[in-house]
Amino acid sequence: MTNGSVEPGRGRSHWRLRLGSMVGVLALAAFIPAAAGAATGAPHAAVPPKATRGTAVKITRVGTVNLSALSKATATRPGTRLGTPHAVPRLLPSSAERNASAALRHSALMPRATLRTRFAGNVPGEIGFNGMNTGTNEHTMGFDISPPDMGLAAGTSSAGTAVLQFVNASLQAFKPSGTPLTVPVSASAFFGIGPCSATQFPVNCISDPRVYWDPQTKHWFITGFTFASFVLGPGFPPGVQYVAVSQTSNALGSYTIFAIPTGQGFIDPADCPCVGDFDMTGADNSGFYLTVNEFGQTSFHGTDLFAVSKSLLISAAMGGPLPPAFLYEVPTLADPFGGFRLAPSEVTQGSAAPNDEYFVEANANAFSDSSLQVWALIGTDSLNVASAPPLVERNVATEGYSVPPPATQKAGPIPFGRTVGALVASPLDSGFPTQQNMTFAGGNLYVQIVTGVNAGGGGANSGLAWFALRPTPGTSSVSVRNLGNGYVHINGMLLYPSISVNASGHGYMGFAIGGANRFPGAAYIKFNGAMGAVGPIHIAVNGRTPLDDFTCYPGAGNGPTCRYGDYSASNFFNGRIFFGAEYVHTLTRVKAGAASNWATRVWSVPSGG
């Protein structure tokens, strides 16, 4: 999600009063990191029953769409006039806001990483191309939405390997070479919910895109949500979580659209209209999983976790009966880590898929920590007979992590910024420690987060932390071993990592890269199982200029940091690791008066190993 604001005239002051924003340069609280390879942690005290037992909720079938047909219809549509751009709100739990404020009173102590990572040329066989950019949203909707949160996966299609890219709020398919397989289409049109307009944002506007190709079934899953009434109040459409499931293995073919109404809330309905923010997806052998952060009008409530039989959901996409979705509520008060962003895992292609699904949660209740919380649904084959598996959790000691500082930008031209009185490029919002979707391969979980690092007196930087965890399920419990963890950092800023590996645990971690001496670009580093990130950083593409975006500046109703793609994406497919990340290219300011220059880079690398 994007920065806690909307455009002037769209309820901006109300939004900030209600939820605030975690921006500005943050100093970090001190802590003592745990040693790498720490032993299995002890379980937390039992949580309330509603955090551990699944309750059946109804999902609905709302329509179908054919991506190729939608592409053809979009290609013949007349152009639209440029409208006012909008930032999708980024929502934080109140604990994170308090910790951010408290950090201003602490000294800048971060996890210490004494060796900086070096650079090298591209990996032989790398293929990359420019994906969608700010002009894409202007084309599909008539205005831009920032930032370009990255939904991306490679998989099967009638045209061979397809790379399906989905950003806020457009969708397009490519060949791995970059040749388009479709034109960009509006995400709102894809989900069949009516136009997303600049004048009534965020009505019918899709946010937080995710794309998943399932290696077991070879079907595609595409998700996003709406949250109009949460922002605009009663009388507007309620928040809905959408899930599109392909009817075949063809990425370019037909999808059935399902919906889960999240606007009424599940944990605290009295505090609604609500929204299920920052949706994340995962899958094991039997189930498809979706987690969302439930926000109400006055507070953050916790995580809603949905589990549904993968085979029954695919059958429903082809016209079969609707399966139940089992809801697990994890209230923030019932979870020592805040019940915030429980990231599901995805089984990589070629790896044995268990009937157990794992979720990892970093601590949103502390400004820094040296442990992670691992949740597990045990025996998920019960989903195939409409029975809810038990949800259990375990804490595991890790290296330290903490909130990173904003990412300084290299000085350069900011033509839009000048129009609103800015003199220099604003720093990039590097977010805060939160795990993204995780890869499960060969029995191990590979986890990545952004963290603050202090590089041997080199100052406060935004770096990356990685973790290799080994979960072992019991009949009603899970144990977790930390196989290894480490940091990746430079004399600069690294942002929004995403790890993908093959069945042997060999692959790469991709991320955005920037700093005072580098325009925002995209990069990657080798990842070798429990050894983690090794060797030099490879630059996929160098940025060409600072990010000069309407989200960057107080004079444009946002700022003081630039919203950046809140997450990158990656997956392993047929011997290659595919990545997508935001970067900045000079050629994306395609219309006079355009208020952004963001772009995206898509690339793939042989997995090796």
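Listed values, structure above:
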| item | result |
| --- | --- |
| Cα centroid of the range 299-334 to Cα centroid of the range 194-221, whole Å | 17 Å |
| Charge sum, other residues only, whose C-beta stays under 13 Å from R601's C-beta, Lys/Arg counted +1 and Asp/Glu -1 | -1 |
| For Cα Rg over 2.2 N^0.38 Å, calculated from these coordinates, the label among (1) 0.87; (2) 1.36; (3) 1.78 | (1) |
| Full-stretch length increase - T472, T199 - with 0.36 nm per residue and alpha-carbon distance subtracted | 93.2 nm |
| Pairwise centroid distance, computed over Cα atoms, of the range 515-576 with the range 427-451, Å | 13 Å |
| Where Rh is the Kirkwood radius over Cα pairs, Rg/Rh for the range 331-439 | 1.17 |
| Sulfur and carbon atoms: percent of accessible area, the range 367-485 [1.4 Å] | 53 percent |
| Of K175/K218; K175/K310; K310/K526, pairs whose Cα-Cα distance is over 24 Å | K175/K310; K310/K526 |
| Relative contact order of the chain, defined on C-alpha pairs under 8 angstrom at six or more residues apart (%) | 17 percent |
| Sequence-separation-based contact order of the range 264-385, relative, with Cα cut under 8 Å and 6+ spacing, percent | 23 percent |
| Accessible area, probe 1.4 Å, largest first, for residues K526, K310 | K526, K310 |
| Over the range 122-265 - Rg/Rh using Cα atoms and the Kirkwood inverse-distance radius | 0.99 |
| Environment charge of S146, counting only residues whose C-beta is closer than 9 Å and scoring Lys/Arg +1, Asp/Glu -1 | -1 |
| Exposure ranking of E361, E126 by accessible area [1.4 Å probe, largest first] | E126, E361 |
| Computed [θ] at 222 nm, helices only, for the chain once each DSSP H run of length n ≥ 4 contributes -39500 (n - 2.57) | -2500 deg cm²/dmol |
| Accessible area per residue, Å², the chain with all protein chains present, probe 1.4 Å | 31 Å² |
| Relative contact order for the range 496-540, counting Cα pairs under 8 Å that sit 6 or more residues apart, in percent | 31 percent |
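The values are calculated or read from the model by the stated rules, or taken from the named source; none is laboratory data. Predicted, not measured: the structure shown is a model, and the values here were computed from it. Counting neighbours? That spans all protein chains shown, and the Cβs are built from the backbone with ideal geometry, glycine included. For accessibility, only protein heavy atoms count, side chains too; no ligands or nucleic acids. Shrake-Rupley method; radii C 1.70, N 1.55, O 1.52, S 1.80 Å.
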